[in-house]
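*Asks:* Here it is: the structure, laid out below.
The values are calculated or read from the model by the stated rules, or taken from the named source; none is laboratory data. Predicted model, so just to flag it, every value in this text is computed and none were measured. A quick note on method: Cβ atoms are made from the backbone with ideal geometry, for glycine too, and the neighbour counts reach across all protein chains shown.
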Amino acid sequence: MEALGARLGRSGVRAGIIGLEGELGTGKTTLVRGWLRALGVTGPIRSPTYTLVEPYDICQNRVYHFDLYRLSDPEELEYLGARDYFTDDSLCLIEWPERGAGWLPPADLTIKIEFAEQGRRVSLISHSTAAERFLSIRSQAVVLKRPRRQRLRWRGGLLLNHSAPTDHLITFINNLQQPAECIRNLW
């Protein structure tokens, strides 16, 4: 997961709202750690499980890592002043975004991590034109033109599913025996 996070960190995404969904232990924090390391964070990267948010200043960018697992009510985010974190030039990486439902602004990209038979299954789902453009560029070697009907195709270890014009769903299996190869195929 850390290697995938590093790839995403080097991708050029510097602003937006990224939701990270998955069960406990699927690797959400590990993915964020890789992302932040790729952006240049050299100090300790703590999970904000108890503080709810950890801010990072990276060059001229502000990155906020949220972990909403312990959030009991979405309104708690208002008391923290979290609304100030969601600016046009900040990158917000949010673990457990469903716990802030109704209060959080809509995500540009959702990263779903699931346990698979061997390793993890990761899905990247766009919710904005910026995220759609990002996914199209990052996967241009393997992405099909948007078909009118749903079409699934295996290519280089990827399952590509384009079922709606505004959604890109790219799923791959991070095989524990060959994770680097799976990630190379994704990007």
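*Asks:* Has the stretch 38-56 got at least one residue that is among the hydrophobic types (A, V, I, L, M, F, W, C), within 25 Å of Phe115 (Cβ to Cβ) and either at pLDDT 90 or above or in a helix (DSSP H, G or I) (or both)?
*Replies:* yes
*Asks:* Of the residues Leu39, Leu109, Leu104, which is crowded, with 17+ Cβ neighbours inside 10 Å and under 11 Å from the mean Cα position of the chain (by Cα)? Don't jump to the end; show me each part of the working.
*Replies:* Working: Leu39 fails: under 11 Å from the mean Cα position of the chain (by Cα); Leu104 fails: under 11 Å from the mean Cα position of the chain (by Cα).
On inspection, the qualifying residue turns out to be Leu109.
*Asks:* Out of the stretch 112-122, which residues are among the basic types (Lys, Arg), surrounded by fewer than 21 Cβ atoms within 10 Å (Cβ to Cβ) and more than 14 Å from Gly19 (Cβ to Cβ)?
*Replies:* The one that is among the basic types (Lys, Arg), surrounded by fewer than 21 Cβ atoms within 10 Å (Cβ to Cβ) and more than 14 Å from Gly19 (Cβ to Cβ): Arg121.
*Asks:* Asp84 fails exactly one of the following numbered conditions: (1) outside any loop (DSSP other than H, G, I, E, B); (2) in contact (Cβ under 8 Å) with a residue 12 or more places away in the chain. What is the number of that condition?
*Replies:* Failing condition for Asp84: (2).
*Asks:* Cβ-Cβ below 7 Å, separation at least six or inter-chain, first residue in the stretch 61-78 and farther than 19 Å from Glu23 by Cα, second assigned to a strand (DSSP E or B) and aromatic (Phe, Trp, Tyr): which pairs?
*Replies:* Listed pairs, sorted by first residue: Val63/Tyr56.
*Asks:* Let me ask you something else. Just a yes or no: is a residue in the stretch 81-100 surrounded by fewer than 18 Cβ atoms within 10 Å (Cβ to Cβ), among the β-branched types (Val, Ile, Thr) and at pLDDT 90 or above?
*Replies:* Within the stretch 81-100 (the criterion being surrounded by fewer than 18 Cβ atoms within 10 Å (Cβ to Cβ), among the β-branched types (Val, Ile, Thr) and at pLDDT 90 or above), the answer is yes, since at least one residue qualifies.
*Asks:* Could you give me the residue pairs with C-beta distances under 7 Å whose first residue belongs to the stretch 95-109 and is of a type outside the set (A, V, I, L, M), whose second residue is part of a loop (DSSP other than H, G, I, E, B) and buried (at least 21 other Cβ atoms within 10 Å of the Cβ) wherever it lies, and which are 6+ apart or on separate chains?
*Replies:* From residues that are of a type outside the set (A, V, I, L, M), the pairs are Glu95/Leu68; Trp96/Leu68; Pro97/Leu68; Pro97/Leu104; Pro97/Ala107; Arg99/Leu68; Gly100/Leu68.
*Asks:* Being of a type in the set (Lys, Arg) and without any contact (Cβ under 8 Å) to a residue 40 or more places away in the chain is the filter here; which residues of the stretch 110-139 pass it?
*Replies:* Within the stretch 110-139, Arg133 is the sole residue that qualifies.
*Asks:* Restrict the check to the stretch 64-71 and report whether at least one residue is at pLDDT 90 or above, under 23 Å from Arg14 (Cα atoms) and assigned to a loop (DSSP other than H, G, I, E, B).
*Replies:* Scanning the stretch 64-71 turns up at least one residue that is at pLDDT 90 or above, under 23 Å from Arg14 (Cα atoms) and assigned to a loop (DSSP other than H, G, I, E, B).
*Asks:* Checking Gly119 against (1) farther than 19 Å from Gly34 by Cβ; (2) at pLDDT below 90; (3) touching a helix residue (DSSP H, G or I) at 6+ places or on another chain (Cβ under 8 Å), only one condition comes out false. Which one?
*Replies:* (1)
*Asks:* Moving to a separate point now. Are any of the residues in the stretch 68-77 within 30 Å of Ser136 (Cβ to Cβ) and surrounded by 18 or more Cβ atoms within 10 Å (Cβ to Cβ)?
*Replies:* yes
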